[in-house]
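Worksheet for the structure shown next.
The values are calculated or read from the model by the stated rules, or taken from the named source; none is laboratory data. Just so you know, these numbers come straight off a predicted model, no measurement behind them. Virtual Cβ from ideal backbone geometry, glycine too; neighbours counted across all protein chains shown. Only protein heavy atoms, including side chains, enter the accessible area calculation; ligands, DNA and RNA are left aside. Shrake-Rupley method; radii C 1.70, N 1.55, O 1.52, S 1.80 Å.
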There are 2 protein chains.
Amino acid sequence: MIFGWDSIRREVLRRIGQREWPPGMLIPTEQDLATEFGVARATVNRALRELALAGVLERKRRAGTRVALLPVRKATLDIPVIRQEVEARGHAHSFRLLTHEAREAPVPVTSRLGLPEGALLLWIETLHLADGQPFAFETRWLNPAILPDPGPDFTQISVNEWLVAHVSYTLGDISFCAARASAREAKVLGVTLGEALFITERSTWAGPAPITLVRLAHGPGYRMQALV
Amino acid sequence: MIFGWDSIRREVLRRIGQREWPPGMLIPTEQDLATEFGVARATVNRALRELALAGVLERKRRAGTRVALLPVRKATLDIPVIRQEVEARGHAHSFRLLTHEAREAPVPVTSRLGLPEGALLLWIETLHLADGQPFAFETRWLNPAILPDPGPDFTQISVNEWLVAHVSYTLGDISFCAARASAREAKVLGVTLGEALFITERSTWAGPAPITLVRLAHGPGYRMQALV
DNA sequence: GAGTGGTCTAGACCACGGA
DNA sequence: CCGTGGTCTAGACCACTCG
């Protein structure tokens, strides 16, 4: 029975799935569907809006709503704090601060963060462990301007956690790739030289001010799962 | 000025970012905010609902709305058809069907798809090219039960595209990892043996019926980007 | 110009779950 | 219990864009 916007969403999905509404077809207007289902137009709108967001429908004013021809499926990734990620797998998280020093950032870094050439940033290397075994090798450029004086003790709290707790929510971008382990990465992660690593790279910003550029290298066996 | 639910969303984000509302704080109720902003409660609800979905707020009936302590950031991935992905990069897409035969699926495959042991599935290998250069090596188990008789000509249309055009929208799961190139992968993709590949694995379903299990191997240089 | 989706309003009922 | 968020309604105005 039709009860609530979600059941309307599912009914529309069913009609699309059964090809009652094939790809490319113009489906009835919100008002028509509202009448058919005996609900208010706002309820239909909520259902169709979610489906459009998911890439199943394409909506245009005046033109109406169509079943997407090539549905660009959307998947959602959770980007947890590493400690949570490790603990969610049932392991104990710990970390070792390997390097923590001011360095002149190379041009690719400064340009990506929109800083002047030769800017002095903090270079921080952290090894994250799960039950004492290497889990991920984090290398990070951090803008010192955002730190209080005196700075936090990053041997006690990981940079990652300090940032989410003390720096405002930000936008940024995230990308993933595969790369072979360098000599240093192999040594730190305890894998063979040239092993395939899963790399996550993030840059984060507080409004216009760059905060950090971080690279996470995960050893073999790491899988990132997404919900579709 | 406050105008529309999105400006309310941004104003709430601003207050969180400026630490007027620090992590863990209970923020005012929808009704209070509606009064403050001079809008209806439904408008505030829309704004706060989006922020809760994004992991910035945590909402509970009766308990109210809190700023998330450890914000699980959500990133959204687009999962396009490969042809679109190649063309979006400004290249011409083509593909070569390398293998197409019925095979007894190994146990890991049948169990993951919920099929009986020893089920006969189609085993399909496709190489996707961008401007004639190897782009991705697709290996796929396909449930023949979903194909019409006679089956489509997969030398003319890629399996990927035939499926999105002819099989109903489905749910599934998707995961990513890194792996070293096997001898066959190295040969097909034209990379050196043991090179780091970026692997995408998807399973898709039509309701209870399994459709396909696909593995995409991308050569070095591939980056997957997500929006945060 | 007119039809469509996008949004807002003011009010209502309800489920949940903390006090 | 009872306040909170989740949802729905009936109606309205508006922005966009197609014909």
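Per residue, the accessible area of the protein assembly as shown comes to 49 Å² when a 1.4 Å probe rolls over the protein heavy atoms. Hey, got a sec? Which chymotrypsin sites (Phe, Trp or Tyr not before Pro) in segment A:1-44 land in a DSSP loop and have at most 15 other Cβ atoms within 10 Å? When the chymotrypsin sites (Phe, Trp or Tyr not before Pro) of segment A:1-44 are filtered for loop state and at most 15 Cβ neighbours within 10 Å, A:Phe3 remain.
Shielding value for A:172-183 is 6, the average number of Cβ atoms from other chains within 10 Å of each residue's Cβ. Across the protein assembly as shown, Cα-Cα distances exceeding 42 Å account for 25% of all pairs. Close amide-amide hydrogen proximity is noted between B:Leu57 and B:Ala52, B:Ala68, each under 5 Å apart and 5 or more residues distant or on a separate chain (H modeled in the peptide plane; Pro and chain starts excluded).
Amide H to amide H, with H built 1.01 Å from N, A:Met25 comes under 5 Å of A:Val67, counting only residues 5 or more places away or on other chains. The magnitude of the dipole of chain A, with charges of +1 and -1 set on the Cβ of Lys/Arg and Asp/Glu and taken from the Cα centre, is near 1080 debye.
For segment B:1-97, which GluC sites (Glu not before Pro) are both in a DSSP coil and crowded by at most 13 other Cβ atoms within 10 Å? Hits after loop and neighbour filter: B:Glu20.
Taking the charge dipole of chain A about its Cα centre, with +1 at Lys and Arg Cβ atoms and -1 at Asp and Glu Cβ atoms, the residue from A:Ser7, A:Gly64, A:Pro106 reaching farthest to the positive side is A:Gly64.
Site pair A:Trp162 and A:Glu117 shows an inter-label distance of 3.1 nm when each label is modelled 7 Å from Cα along Cα→Cβ. Between A:Gln133 and A:Leu193, residue separation times 0.36 nm minus the direct Cα-Cα distance comes to 19.8 nm. Mean per-residue shielding of peptide A:9-18 is 2, counting Cβ atoms of other chains within 10 Å of each Cβ. Computed over Cα pairs, the Kirkwood radius of segment A:154-193 leads via Stokes-Einstein (0.692 mPa s, 37 °C) to a diffusion coefficient of 250 µm² per second. Estimated from helices alone, the mean residue ellipticity of chain A at 222 nm is -8000 deg cm²/dmol (sum of -39500 (n - 2.57) over DSSP H runs with n ≥ 4, per residue). Interface of B with A. Using a 1.4 Å probe and counting protein heavy atoms only, the two chains hide about 4700 Å² of accessible surface, both sides summed. Residue-wise HN-Hα couplings along segment B:193-199, as the Karplus relation 6.51 cos²θ - 1.76 cosθ + 1.60 with θ = phi - 60° gives them from phi, are 4, x, 4, 7, 10, 9, 10 Hz; Gly and Pro carry x.
Spatial offset of segment B:1-44 relative to segment B:119-184 amounts to 46 Å, using the alpha carbon center of each. The accessible area of A:Arg89, taken with all protein chains in place and a 1.4 Å probe, comes to roughly 110 Å². In a reduced charge model with +1 at each Lys and Arg Cβ and -1 at each Asp and Glu Cβ, segment A:5-67 shows a dipole moment near 240 debye about its Cα centre.
Using a probe of 1.4 Å, the accessible surface attributed to A:Lys60 totals some 150 Å² when neighbouring protein chains are kept in position.
Considering only A:His218, A:Pro23, A:Ile79, the residue lying farthest towards the positive end of the dipole of chain A is A:Pro23, judged by Cα position with unit charges set on Cβ. Note on chain A: GNM, Cα springs under 10 Å; of A:Val214, A:Val86, A:Val44, the largest mean-square fluctuation is that of A:Val44.
A simple spin-label model places pseudo-atoms 7 Å from Cα toward Cβ; at A:Ala92 and A:Glu11 they are separated by 5.5 nm.
Note on the protein assembly as shown: with neighbouring protein chains present and a 1.4 Å probe, carbon and sulfur make up 55 percent of its accessible heavy-atom surface. Residues in segment B:185-190 carry Karplus couplings, in order, of 4, 4, 5, 5, 7, x Hz; the curve used is 6.51 cos²θ - 1.76 cosθ + 1.60 with θ = phi - 60°, and Gly or Pro positions show x. In order along segment A:108-124, the Karplus-derived 3J(HN,Hα) couplings, from 6.51 cos²θ - 1.76 cosθ + 1.60 at θ = phi - 60°, round to x, 6, 4, 5, 5, 8, x, 10, x, 4, x, 4, 8, 10, 7, 10, 10 Hz, and Gly and Pro are given as x. Amide H contacts under 5 Å for B:Gly172: A:Val228, restricted to partners 5 or more places along the chain or on a different chain, H placed in the peptide plane at 1.01 Å from N.
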